[in-house]
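Notes for the one structure printed next.
The values are calculated or read from the model by the stated rules, or taken from the named source; none is laboratory data. This one's a predicted model, so the numbers in the text were calculated from it and none came from an experiment. Using ideal geometry, Cβ is built from the backbone for each residue, glycine included, and neighbour counts are taken over all protein chains shown. Heads up: the accessible areas ignore ligands, DNA and RNA and are worked out on the full protein's heavy atoms, side chains in. Shrake-Rupley method; radii C 1.70, N 1.55, O 1.52, S 1.80 Å.
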Amino acid sequence: MNRPGFTSVFAEDFDSYIDYRENCGVKAEADYTDLRKLDRFLASKDLDAKRFPPELADEWMLPLPNESPLGHYKRINNSKRFISYLFVKGYEVFVIRDIRSPRTDFIPHIYSKDETERYFRCVDTYASSINKYHAVQLPILFRLLCCCGTRIGETLFIRKKDVDLEEGIIKLCETKNTKERYVVMSESLRILFLEFSDKVFYLLNDEDYIFRNCHGQRLRQESVEDIHTKILRHAGIPKNDDGPRIHDWRHTFAVRAFKQLSDMGYDMYVSLPVLSSYLGHGTIMATEKYLRLTLDLYPELMEKYQNHIDKVFKEEKDERQAD
């Protein structure tokens with residue numbers, strides 16, 4: 001897709017922002033439509049300086065004619081990232097607030113215990129004539145997604161220097177919300193990672209990505225998604241347009257984490273901000289959907305937390321009415 005041309009006073013900054021996003025490994029094409037809308041909006045205001053005052057921000061926050069709730073949500077979120085980028089550069093801009101994600105009927109796939117076992121039997125025996133390195137790296141890659149709840153994008157950007165095998169900690173530097181964070185491996189995963197490092201790390205420099213293709217370059221997400229589809233087929237797990245997706249390992253991790261915390265006696269609502277921080281979510285609201293999903297999957301927990309649920313959902317309803 002060709003990069004769009006920008007015409008507002010921030011034209012050069014739009015281009016540099018896209019360069020920045022692409023250098024971070026993000027497919028900036030997904031942002032083009034919303035950035036063009038913001039550029040046209042700014043150009044229509046005939047600004048004589050690079051600024052984004054509160055009155056323009058208020059106008060930009062309003063839904064556009066015939067704009068769906070999801071389209072409004074994506075436009076504002078994409079815009080906020082760019083405006084935050086301008087703020088860091090020192091421009092006089094008003095950083096717009098978050099808006100709630102729209103309600104959706106989509107329910108992610110939560111892998112069952114049986115599906116998980118079948119899936120990883122296929123992962124551990126996966127053979128590729130194109131990239132023999134897969135036999136070594138795929139068992140680690142997919143277990144990070146399943147056992148640590150990492151996103152596939154941030155996982156593929158792990159470098160050798162980010163891995164502390166003595167402590168069993170991995171630093172995630174290139175993340176969705178640009179928030180560096182750490183994930184902790186279980187002892188069994190750390191031992192498996194040690195075996196992987198013994199075979200691979202001596203070939204790598206500290207700045208090298210640990211998951212690579214047959215050319216020694218960073219493994220691409222599209223390639224992993226193709227492998228995921230093959231593994232599902234070999235494992236006998238039906239797949240359709242809605243999943244199971246790679247990202248559903250992250251959903252599965254979150255649900256299992258909430259269930260485990262509850263079994264250990266922790267109040268799940270007290271655990272909510274802890275898990276939110278661990279997952280790298282921008283807001284608590286992004287994590288709350290996993291809590292609801294956990295309660296749906298484990299009805300016995302619903303009665304235990306009914307008072308909390310009634311209180312939280314009532315506050316949310318009141319807040320929505322106030323908005």
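Structure values in brief
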| quantity | calculated |
| --- | --- |
| Among the candidates 118, 81, residue that is surrounded by 15 or more Cβ atoms within 10 Å (Cβ to Cβ) and more than 21 Å from the chain's Cα centre (by Cα) | 118 |
| Scan of the stretch 243-269 for residues that are on the phi > 0 side of the Ramachandran plot and touching a residue at least 24 places away in the same chain (Cβ under 8 Å), ordered by number | 243 |
| Selection count where residues are within 15 Å of residue 292 (Cα to Cα) and among the polar types (S, T, N, Q), scope the stretch 232-259 | 1 |
| Residue match in the stretch 218-234 (condition: over 16 Å from residue 145 (Cα atoms), touching a helix residue (DSSP H, G or I) at 6+ places or on another chain (Cβ under 7 Å) and among the basic types (Lys, Arg)) | yes |
| Test: residue in the stretch 100-121 that is in a loop (DSSP other than H, G, I, E, B), more than 30 Å from residue 297 (Cα to Cα) and of a type in the set (Lys, Arg) | no |
| All positions within the stretch 122-156 that are touching a residue at least 40 places away in the same chain (Cβ under 8 Å), closer than 18 Å to residue 204 by Cβ, open to solvent by 30 Å² or more (accessible area, probe 1.4 Å) and out of contact with any Cys (no Cβ under 9 Å at 6 or more places or on another chain) | 136 |
| Count of residues meeting criterion [open to solvent by less than 80 Å² (accessible area, probe 1.4 Å), charged (D, E, K, R) and within 29 Å of residue 154 (Cα to Cα)] in the stretch 57-78 | 1 |
| Residue satisfying all of: in the stretch 103-115; surrounded by fewer than 16 Cβ atoms within 10 Å (Cβ to Cβ) and modelled with pLDDT of 90 or more; farthest from residue 292 (Cα to Cα) among these | 114 |
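Residues are listed down the side, and each one gets a yes or a no for (1) outside any helix (DSSP H, G or I); (2) over 16 Å from residue 79 (Cβ atoms); (3) open to solvent by 70 Å² or more (accessible area, probe 1.4 Å); (4) touching a Leu at 6+ places or on another chain (Cβ under 9 Å):
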| site | (1), (2), (3), (4) |
| --- | --- |
| 13 | no, no, no, yes |
| 21 | no, no, no, no |
| 31 | no, no, no, no |
| 34 | no, no, no, no |
| 42 | no, no, no, yes |
| 47 | yes, no, no, yes |
| 55 | no, no, yes, no |
